[in-house]
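J.: Just dropping this structure here.
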Amino acid sequence: MNRDVRAEAARVVAALLEAQGSLARLLPKAEDKVEERDRALLRELCYGSARTAPRLQLIATKLLRKTPSDSLVSALILLGLYQLEYTRIPDHAAISATVNAARSLKLDRATGLINGVLRNALRERERLQRKLSGNPQFSSMHPAWMQQAIKAAWPVQASEIFRANNTNPPMTLRVNSARISREDYLQQLDETGLSAEACTLSPVGITLLEAVPVGILPGFAEGLVSVQDESAQLAAQLLAPCEGERVLDACAAPGGKSCHLLEQQPAIELSALDIEEERLDRVQENLERCGLSAQLICADAAAPDTWWDGQQYDRILLDAPCSATGVIRRNPDIKLLRRAEDIAELARLQAEILRATWALLKPGGSLLYATCSVLPAENSEVVAAFVAETDDASDNTPQLLHGKSWGEKQVAGMQLLPHNGGGDGFYYALLSKAE
């Protein structure tokens, strides 16, 4: 082991720049290559550089004659700029360590370039700040296309969305109500010395005032509690399956919503479907930890003729593939991985899966369409078009939960927006099928 932590961070960031993976997949492998004491720094460098990349890339373009042909060089420059702008690492140490990382990566030819760019960034910091301050990409720290799309969809709320996306997310828990009450679990947290408060919309949600490793949460290994954002916890409430019903969780990985459905109503027949075997392994792990069981199906939700047994479902949860623009604060690499042209293709796929799964729903049944996107093209526009073309479909999304207002009413469904200290951005539409 004993690898250079900045060199490993550069490998991760370079892969992001080349769209060769996500932080969720790349970082665990990188963590295995560095000393345990360096893993917190590795995560900080990777997550921080991804979160601030749109701004740092603008700074880099002003300091470079042309974009480096090697993505590792670009990654090192971003990492160096991040350390200079957003960490307490002394400037000289940040520059020296980043240049040494280039040597570790056998990029000796680029050490002069990296050193020069970072030193110029220090010398010209104030001038660059003045020059770029009016650039929306610089101020929002979102790529230009994404900044424009969010502002067009949410002109009043856009600045708050950007602000929330650029913060560290809260750590929110879902209490397994089949085994313990929220009040009793809050008491256990207090006895453990962990400060927390009850969520507003989710009756089983708890937000910790400070994030902690899951290993120190009382009863986590035994399934008393799971980590799940409050907005995501609303899915089980909205779908509200009844005892004995046949339920499909389409696109189920990593399994948080499947577990919640079973915790809320253990006496359902649940099938959890996902297109990737590796992701279904995560579903199984979560089910086992919580002491739950479900039928796991590895297949394409858009092609039910390859896996469906012909028996219709009483309720379907369709957590559709999306841009994930509502969970950027948890997955800042979305800023680097998503492209403007992705949205139309995702909307096409979402509509295809919605039509396919609707055929599997019993007359009188309910389908909950959900995404973690804040873009109407993936949400209300998809659902409104589907309802308009489908004679037996109607939008019955409630505007109150537990008597409380929630989300922003849309032409179809309801939109939750990310906000500081609260839930992530999520869209829900509860569709009913005529008898």
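J.: Filter the trypsin sites (Lys or Arg not before Pro) in region 59-129 down to the DSSP loop ones having no more than 12 other Cβ atoms within 10 Å, then list what survives. Don't jump to the answer; show the numbers that get you there.
T.: Numbers: sites: Lys62, Arg65, Lys66, Arg88, Arg103, Lys106, Arg109, Arg119, Arg123, Arg125, Arg127; in loops: Arg65, Lys66, Arg88, Lys106.
For trypsin sites (Lys or Arg not before Pro) across region 59-129 that sit outside H, G, I, E and B with at most 12 neighbouring Cβ atoms in 10 Å, the list reads Arg65, Lys66, Arg88, Lys106.
J.: Working with all protein chains in place, sort Ser71, Ser373, Ser104 by solvent-accessible area computed with a 1.4 Å probe, largest first. Spell out each step's value before the answer.
T.: Numbers: Ser71 20, Ser373 0, Ser104 60 Å².
So, going from the largest accessible area down, we get Ser104, Ser71, Ser373.
J.: Heavy atoms only, 1.4 Å probe, whole protein assembly: order Thr61, Thr172 by accessible area, highest first.
T.: Largest accessible area first, the residues go Thr61, Thr172.
J.: In square angstrom, rounded to the nearest 10, how much accessible surface does Lys131 have for a 1.4 Å probe?
T.: 120
J.: Sort out for me the Cα centre separation of region 63-100 from region 193-207, rounded to whole Å.
T.: Region 63-100 and region 193-207 have Cα centres separated by 39 Å.
J.: Quote to one decimal, in nm, the extra length available between Arg43 and Lys404 on full extension: 0.36 nm per residue of separation minus the C-alpha distance between them.
T.: Working it through step by step, the gained length comes to 126.2 nm.
J.: Sticking with this structure for a sec: Greater than 23 Å separation of Cα atoms is the criterion. Which listed pairs, Lys409/Lys433; Lys62/Lys335; Lys29/Lys106; Lys29/Lys257; Lys362/Lys409; Lys106/Lys335, meet it? Working shown, then result.
T.: Numbers: Lys409/Lys433 21 Å; Lys62/Lys335 20 Å; Lys29/Lys106 21 Å; Lys29/Lys257 26 Å; Lys362/Lys409 27 Å; Lys106/Lys335 28 Å.
With Cα atoms farther than 23 Å apart: Lys29/Lys257; Lys362/Lys409; Lys106/Lys335.
J.: Multiply the residue separation of Val227 and Ala24 by 0.36 nm, subtract the distance between their alpha-carbon atoms, and state the gained length in nm to one decimal.
T.: Result for the pair: 71.5 nm of gain on full extension.
J.: For the chain, what does the relative contact order come out to in percent, with C-alpha contacts under 8 Å and a separation of six or more?
T.: 13
J.: I'd like the chymotrypsin sites (Phe, Trp or Tyr not before Pro) in region 258-325 restricted to DSSP loop residues with at most 13 other Cβ atoms within 10 Å, sorted by number.
T.: Trp307
J.: Using a 1.4 angstrom probe and counting only protein chains, how large is the accessible area of Met414 in Å², to 10?
T.: Met414 exposes around 10 Å² with every protein chain in place.
J.: At 222 nm, what value in deg cm²/dmol follows for the chain if DSSP H runs of at least 4 each add -39500 (n - 2.57) and the sum is divided by all its residues, to the nearest 500?
T.: -13500 deg cm²/dmol
J.: For Cys298, Cys322, write out the residues from largest to smallest accessible area, computed with a 1.4 angstrom probe and no ligands counted.
T.: Cys298, Cys322
J.: If R₀ is 56 angstrom, what is the calculated FRET efficiency for the pair Cys242 and Asp32, using the beta carbon separation as r and rounding to 0.05?
T.: For Cys242 and Asp32, the calculated efficiency is 0.80.
The values are calculated or read from the model by the stated rules, or taken from the named source; none is laboratory data. Just so it is clear, the model here is predicted, and its values are computed rather than measured. Here Cβ is always computed from backbone atoms with ideal geometry, including for glycine, and neighbour counts include all displayed protein chains. We work out accessible area using only protein heavy atoms, side chains counted, and drop any ligands, DNA or RNA first. Shrake-Rupley method; radii C 1.70, N 1.55, O 1.52, S 1.80 Å.
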